[in-house]
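Worksheet: the structure to be examined is printed underneath.
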Amino acid sequence: MDLIKKALDTILFDEDEALLSARLTDGSEKSRVAVLVGDNASGKSLFVRLLTQFCKDAKPRREPLQVSMRHRTATGMHRAFMYGALGDEIDSTGNVSMIALTGAVSTAKGRDTPNWLMLDEPDTGLSESYARALGNWLAQEFEGLGAKTEGVVLVTHSRALVESLFRHSIHRPWFVHMGGTQTPEEWLADTTERSVADLLGMAERSMTLYRAIHHRTHS
């Protein structure tokens, strides 16, 4: 998980003027899977973009294989290839997510060059019962990845998915809590509720974070 540790050691997490915060809970040395959780506007997608850039800059280059909402809402052939020509217009949202996810896992298994599998909220549209099934399925599929897949990053808000993945994984995944300090067990047990004011203020917090990071990285 050297790539994860490298990202957590960047200027964005600098203790003196940190724009982002995170706690890393070590998993098994044999695990290639890192689960990334956190509230909205905590920097999860930004963290994935940072990892993606590190993959591209690495020598030798690591290919980032991505499934994300950014691709889902894009236009053109790349979106159509991942999610189908019509996607959510004619199919269950959850099934469209599974189409992209199974395609990405299959692609990773077929690669003969170094790669990282980046799954940003692949459970979009799945109910809790299906999210648990997805955690079970992912645990099995991750064990079957070839040696060329050096790491997997799974970003999710779903406690059902995370609980199932940890329960069914042979090797305990690594765990990153963005914007918090909880271990996997603490996060799974957390029932804290946000207020309506928190909900309505999410857009402002997100934009404030974006501007601060843009200023830090371009100054």
Next on the checklist: For the structure I just gave you, tell me whether residue 20 is surrounded by 20 or more Cβ atoms within 10 Å (Cβ to Cβ) and either without any contact (Cβ under 8 Å) to a residue 40 or more places away in the chain or assigned to a loop (DSSP other than H, G, I, E, B) (or both).
Outcome noted: yes
Item to check | Enumeration of residues in the stretch 1-10 that are assigned to a helix (DSSP H, G or I), loosely packed, with under 13 Cβ neighbours inside 10 Å and not basic (Lys, Arg) | outcome: 2
Item to check | Close pairs (7 angstrom Cβ cut-off, 6 or more residues apart or separate chains): under 28 Å from residue 34 (Cβ atoms) and surrounded by 11 or more Cβ atoms within 10 Å (Cβ to Cβ) in the stretch 184-210, modelled with pLDDT of 95 or more and of a type in the set (Phe, Trp, Tyr) anywhere | outcome: 184/166; 184/175
Next on the checklist: Quick check on the stretch 101-124. Is at least one of its residues surrounded by fewer than 19 Cβ atoms within 10 Å (Cβ to Cβ), polar (S, T, N, Q), in a helix (DSSP H, G or I) and within 17 Å of the chain's Cα centre (by Cα)?
Outcome noted: yes
Item to check | Pair list, Cβ under 9 Å, 6 or more apart: the stretch 110-137 residue closer than 16 Å to residue 100 by Cα and in contact (Cβ under 8 Å) with a residue 60 or more places away in the chain, other residue part of a loop (DSSP other than H, G, I, E, B) and of a type in the set (Ser, Thr, Tyr) | outcome: 118/68; 120/68; 120/156
Checklist entry - Out of curiosity, is residue 13 aromatic (Phe, Trp, Tyr) and in contact (Cβ under 8 Å) with a residue 24 or more places away in the chain? => result no
Checklist entry - Do any residues in the stretch 26-39 that are assigned to a strand (DSSP E or B) have Cβ atoms under 8 Å from those of residues that are modelled with pLDDT of 95 or more and small (Gly, Ala, Ser), where the two are at least six apart or on different chains, and which pairs are they? => result 33/27; 33/151; 33/169; 34/27; 34/151
Next on the checklist: Going by what's in this entry, would residue 104 be described as in contact with a Gly (Cβ under 9 Å, 6 or more places away or on another chain) and within 30 Å of residue 179 (Cα to Cα)?
Outcome noted: no
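One line per residue, one yes/no per condition, for (1) outside any helix (DSSP H, G or I); (2) over 17 Å from residue 20 (Cβ atoms):
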{"residue": "180", "(1), (2)": "yes, no"}
{"residue": "186", "(1), (2)": "no, yes"}
{"residue": "193", "(1), (2)": "yes, yes"}
{"residue": "199", "(1), (2)": "no, yes"}
{"residue": "205", "(1), (2)": "no, no"}
{"residue": "208", "(1), (2)": "no, no"}
{"residue": "211", "(1), (2)": "no, no"}
{"residue": "214", "(1), (2)": "no, no"}
{"residue": "217", "(1), (2)": "no, no"}
Checklist entry - Does residue 175 satisfy the condition of being over 20 Å from residue 8 (Cβ atoms) and at pLDDT 95 or above? => result no
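Can you tell me which of 163, 141 is in contact with a Lys or Arg (Cβ under 9 Å, 6 or more places away or on another chain), part of a helix (DSSP H, G or I) and closer than 28 Å to residue 192 by Cα?
From the options 163, 141, the qualifying one is 163.
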Next on the checklist: Any residue at all in the stretch 161-172 that's surrounded by fewer than 19 Cβ atoms within 10 Å (Cβ to Cβ), over 30 Å from residue 109 (Cβ atoms) and in contact (Cβ under 8 Å) with a residue 12 or more places away in the chain?
Outcome noted: no
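The values are calculated or read from the model by the stated rules, or taken from the named source; none is laboratory data. The model shown is predicted, which means the values in this text are computed figures rather than measured ones. Note that we place each Cβ from the backbone using ideal geometry, even for glycine, and neighbour counts take in every protein chain shown.
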